[in-house]
1. Report whether or not A:Gly62 is free of Cβ contacts under 8 Å to residues at least 60 places away in the same chain, in contact with a strand residue (DSSP E or B) (Cβ under 6 Å, 6 or more places away or on another chain), away from chain B (no Cβ under 14 Å) and small (Gly, Ala, Ser).
2. In the range A:66-78, which residues are outside any strand (DSSP E or B), touching a strand residue (DSSP E or B) at 6+ places or on another chain (Cβ under 7 Å) and in contact (Cβ under 8 Å) with a residue 60 or more places away in the chain?
3. Please work out which one of (1) under 30 Å from A:Asn49 (Cβ atoms); (2) crowded, with 24+ Cβ neighbours inside 10 Å is the condition B:Tyr51 fails and give its number.
4. I want to confirm something. Restricting to the range A:41-53 and keeping residues that are in contact with a helix residue (DSSP H, G or I) (Cβ under 9 Å, 6 or more places away or on another chain) and within 14 Å of chain B (Cβ to nearest Cβ), which single residue is surrounded by the most Cβ atoms within 10 Å (Cβ to Cβ)?
5. Only residues that are farther than 21 Å from A:Thr44 by Cβ, assigned to a loop (DSSP other than H, G, I, E, B) and in contact (Cβ under 8 Å) with a residue 24 or more places away in the chain: list them for the range A:84-111, please.
6. From (1) farther than 20 Å from A:Thr11 by Cβ; (2) in contact (Cβ under 8 Å) with a residue 60 or more places away in the chain, pick out the condition that doesn't hold for A:Leu81.
7. Do you know which of the residues in the range B:55-77 that are of a type outside the set (Lys, Arg) and part of a loop (DSSP other than H, G, I, E, B) is farthest from the other protein chains (Cβ to nearest Cβ)?
8. For residues that are more than 19 Å from A:Asp73 (Cβ to Cβ) and hydroxyl-bearing (Ser, Thr, Tyr), scanning just the range A:1-33, find the one that is surrounded by the fewest Cβ atoms within 10 Å (Cβ to Cβ).
Amino acid sequence: MEIIYHCFGGTHSSVLAAALHTGMISHRRLPAGDRLLRLPFLDTQDGSNHGQLYFFGTDEGGNRIFILGRRRDAGALTLILNGATGEEPVREILLVSAMPCVPLLLKIGGFISRRLQFTRLGRPLVLAGLRRGYPCLRELVYRVKKEVAEG
Amino acid sequence: MKLVYYDSRGLPLAAVVAAIRTGRLPQNGAFKAAALFSLPLINSPRAFVYYGTDEKKRKVYALWCKADPLLIPRFFRAREELGREAGEWFLLPVDGVPGTAALRIAGGLPVPARAGEENSSTGRYSGTTPAFYNLP
């Protein structure tokens, strides 16, 4: 199965969720800021990457994990990837929005760091926002894994 | 090859064009409102619908959904990567169609043809594929 974590920019919450899912970071404790910033794609993507699918890794069940930034167009993404009405989906795809776990602090930090390119100012806010969103993302990943395991 | 007519403004114009392409609606634009409203999911604010095959047996789809026009082709590329269906989807935007042309089609009025396609005796559209949904 292919699991796609998506959010506005595909560079913060979806990356953290994918890292949690693939076991790249612990479910018990969020690592320090410098280690978080070493995660692939974290706070590196900009508008030109939106809509592009990035392979993140494979989980213990062999499911392939992807991330994707879809701006505010989750509806279009779902329509296109789930396939046309009346047709079978090509492959088993699970789309998971990480947006419900994004706190305001992360939105502001992400905007400053990615959109305005003030990385020095935005990154501390991004890290604080990720810290705040971590429990929710951990819960989200737990539920996704449970759903996948139950088929 | 699969043809997708899409409208990123969320208008079901793509459905009308796909219906004409697959022969569900006549090409000369002479159809009634009832025929238009009987198209699948036409009242839905967004949909991705398989409409059938065209004269060359290509599958024809319509997609309408309010979205960033830049992202729709990228989402299809993502779909191609996931489904190993590289190069299968041929995307045809209809959201650049002028409003008058859209209204002509939706209202069942004759569609003006491109230069050389107009019937000189009647001055009306000859019945071949209108310019904006003609394949390159």
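1. no
2. Result: A:Arg70, A:Ala74, A:Leu77.
3. For B:Tyr51, the failing item is (1).
4. The selected residue is A:Gly51.
5. Across the range A:84-111, the qualifying residues are A:Arg91, A:Glu92.
6. With (1) farther than 20 Å from A:Thr11 by Cβ; (2) in contact (Cβ under 8 Å) with a residue 60 or more places away in the chain applied to A:Leu81, the lone miss is (1).
7. B:Glu55
8. Across the range A:1-33, the extreme among qualifying residues is A:Ser26.
Bear in mind that the values in this text are calculations on the coordinates, not laboratory data. All of these numbers come straight from a predicted model, not from anything done at the bench. Every residue, glycine among them, receives a Cβ derived from its backbone with ideal geometry; neighbour counts consider all protein chains shown.
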